[in-house]
Each structure stands twice: as C-alpha cells, then as structure tokens.
Amino acid sequence: MKKIIIANWKMNPASEKEAERLARQIDGEIPRGVEVVIAPPFPFLSPLNQVMKKAKLGAQDVFWENPSAGGGAYTGEVSSSQLKSLGVKYVIVGHSERRALGETENQVNKKVIAVLTAGLKVILCVGEPPAVRRRGLAAAKRFVKQQLSKNLYGIKSYLLNTNRLIVTYEPIWAISSVSGGKSDTPEDAVRMIQFIKRVLKARVKPEAGILYGGSVDAKNAEGFLKHDEIGGALVGGASLKQLEFRKIVRIASKF
Ligand code: 13P
C-alpha cells in the first residue's frame with residue numbers, strides 16, 4: 001500500500017499567494033508510489049485546487065450538519081458537501097488542537113459520520129496528552145482505546161468498511177509546538193499502532209490505514225516510514241518548509 005503523507009498547514013501560511021507558491025513547489029515533485037495530501041486553511045482550498053495536479057486536497061475540520069438547501073443556519077461552519085464541491089478528498093477530524101478548543105468526543109463522532117456519509121476520507125486523530133503518557137504506555141493505550149470507542153460510536157459497518165477511515169496516532173506530547181520537536185520513538189509508535197489495529201479489527205474491514213503524527217521531519221521520517229505498520233505521516237511544522245517536506249515525501253515513496 002502506498003504511504004500517505006499529509007501536510008497539515010494549520011493556520012499557515014499568511015497569504016493566498018504564499019499558499020499557492022508552497023503548494024506548487026510540493027506538487028511539482030511528487031514521485032510515484034506515494035499519496036500526498038495538502039490540508040491548508042479553508043480560504044486556500046479553492047485556489048490550491050486550481051494549482052495542484054498530483055497532490056490531493058485535504059481540509060482541517062468540518063461541521064457535522066449537512067443541511068439541505070436553505071437549512072444552513074450555522075454561522076462560521078463548513079459542511080462536508082461544501083468541502084466536496086471544492087475538490088476536497090480528505091478531512092482531518094478530531095485534531096488535538098481542535099479538541100483543546102472544546103471539541104467533544106461526541107462532536108468528533110458526528111464529524112466522522114458526516115465525512116464518511118459524504119463519501120470523503122476521514123483522517124481521525126487520536127492520541128494521549130502528556131499527563132497520561134507519564135503514567136506509561138498501558139495508560140496511553142487505555143486512553144486511545146476510549147477515544148476510538150467514543151469517536152466511532154454507533155457508526156454503521158457499511159460506512160466503516162469503505163476504506164475511507166484513516167486513523168492517525170498523534171500523541172499530544174510529541175507535537176512540535178508542545179514538545180519542541182521531540183517525537184515519539186518509532187518503536188513505541190509501532191506498538192501503539194499495532195494496538196490500534198487490534199482494537200479496530202473487529203469493526204473495520206479491510207484494515208484501516210494508521211498513520212503517525214508528531215514532530216515528523218526529514219531527519220526522523222525514515223525511522224517511522226520504514227515500518228509496514230505505519231501507513232504514513234501527518235506532518236505539521238515540517239510541511240511548511242518545502243525542501244524538508246519534499247524530502248519526507250521522497251523517503252515515503254521508497255517504502
Ligand atoms: P508537528 O509535525 O509540527 O509536530 O505537528 C503535528 C501535527 O499536529 C500534525 O497534525
């Protein structure tokens with residue numbers, strides 16, 4: 001299976017012009033054998049769709065309601081069908097930075113359903129905070145298992161078994177803005193990913209792809225991506241540096 005490398009630009013860059021330039025640079029050099037997704041801020045989705053030929057378009061969030069015409073009284077929100085109409089193929093849901101702003105497990109659950117129902121791929125982010133990890137890997141596993149069970153609660157098997165659910169293990173303590181660039185070890189990430197696969201096995205067929213996120217950069221990417229269990233990476237800070245990101249993409253294309 002092709003590795004998936006997702007650029008989560010978060011609230012960057014500052015202007016549409018810069019976003020287009022960065023997207024062109026990344027898109028211009030995507031080798032075969034790797035899937036690259038760029039997830040810019042909402043206002044840049046449409047312009048990027050015009051400039052990208054190989055990279056797929058991703059959104060960083062979505063609203064759970066998907067009302068029919070005239071029913072969209074949700075100021076500031078964006079629906080899955082609106083995203084789809086802009087060419088979006090992947091939607092990140094449950095990123096820890098959104099959860100930190102108050103997003104609940106139940107809201108994440110509703111968003112996952114909305115994305116799958118719209119026929120888009122969902123990148124569901126799970127991962128434990130620093131305080132949980134300090135209690136050890138077993139505590140982290142319990143935390144992640146609970147997140148998965150709440151976030152996938154009640155989802156019908158015809159939606160789950162579509163090959164459109166991609167889970168990303170992104171431990172909060174390893175995200176560069178929290179950790180200062182210190183990632184998880186590939187060995188522990190693999191252990192957690194094997195655990196997530198076991199948790200999902202009964203419900204998701206064929207197997208969901210599981211990615212790793214948290215301070216992935218050009219230096220450590222190979223250590224993660226060489227493992228068959230790790231289906232790719234969700235990259236934050238390093239995805240804004242075109243040379244560094246292109247290097248990660250090249251590394252991913254080798255496996
Ligand atoms: P960093 O790669 O900057 O640690 O960010 C990870 C992340 O939050 C991607 O979603």
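Computed from the coordinates by the stated procedures, all read-outs in this text should not be read as laboratory data. Just so it is clear, the model here is predicted, and its values are computed rather than measured. We place every Cβ from the backbone using ideal geometry, glycine too, and count neighbours over all the protein chains shown.
Pairs of C-alpha atoms in region 158-228 farther apart than 14 Å represent 60 percent of all such pairs. Modelled spin labels at residue 135 and residue 250, positioned 7 Å past Cα toward Cβ, are 4.4 nm from each other. Residues of region 38-69 falling in the label zone of residue 24, defined by backbone nitrogen less than 15 Å from a point 7 Å along Cα to beta-carbon, are 47-54. Amide H to amide H, with H built 1.01 Å from N, residue 168 comes under 5 Å of 124, 125, 126, 211, counting only residues 5 or more places away or on other chains. Positive contributions from Lys and Arg (+1) and negative ones from Asp and Glu (-1), summed over other residues with Cβ under 11 Å from the Cβ of residue 196, come out at +4. Is region 21-149 best put as rounded, prolate or oblate by its Cα gyration tensor, with a ≥ b ≥ c the root eigenvalues, rounded for a/c under 1.5, and otherwise prolate when a/b is larger than b/c, oblate when not? Taking the square roots of the gyration eigenvalues as a ≥ b ≥ c, region 21-149 is oblate. Loop-located chymotrypsin sites (Phe, Trp or Tyr not before Pro) in region 112-186 (DSSP state other than H, G, I, E, B) with a sparse environment of at most 14 neighbouring Cβ atoms within 10 Å: 153. With a cut-off of 16 Å on the backbone N, the residues of region 1-29 near the modelled label site 7 Å out from residue 163 along Cα-Cβ are 1-4. Determine the shape class of region 107-158: with a ≥ b ≥ c the square roots of the Cα gyration tensor eigenvalues, call it rounded for a/c under 1.5, and otherwise prolate if a/b is greater than b/c, oblate otherwise. Cα axes put region 107-158 in the prolate bin. In loop segments of region 68-165 as defined by DSSP, the trypsin sites (Lys or Arg not before Pro) with at most 13 further C-beta atoms inside 10 Å of their C-beta are 134, 135, 156.
Applying 1/(1 + (r/R0)^6) with R0 = 25 Å to the Cβ-Cβ distance of residue 182 and residue 50 gives a FRET efficiency near 0.10.
The sum of -39500 (n - 2.57) across all DSSP H runs of n ≥ 4, divided by the residue count of the chain, sets its helix-only mean residue ellipticity at 222 nm to -11000 deg cm²/dmol. Cα gyration tensor of region 127-255, axes a ≥ b ≥ c as square roots of the eigenvalues: rounded (a/c below 1.5), prolate (a/b > b/c) or oblate? Because a/c hits 1.5 or more and a/b fails to exceed b/c, region 127-255 counts as oblate.
Temperature 10 °C, viscosity 1.306 mPa s: under these conditions the Stokes-Einstein estimate for the chain, based on its Kirkwood radius over C-alpha pairs, is 87 µm² per second. Restriction of the GluC sites (Glu not before Pro) in region 149-233 to DSSP coil positions whose beta-carbon has at most 14 other beta-carbons within 10 angstrom yields 207. Net charge of the neighbourhood of residue 51, taken over other residues with C-beta under 10 Å away and scored Lys/Arg +1, Asp/Glu -1, is +1. Of the residues 55, 140, 131, the one that moves most in a GNM of the chain with alpha-carbon contacts below 10 Å is 131.
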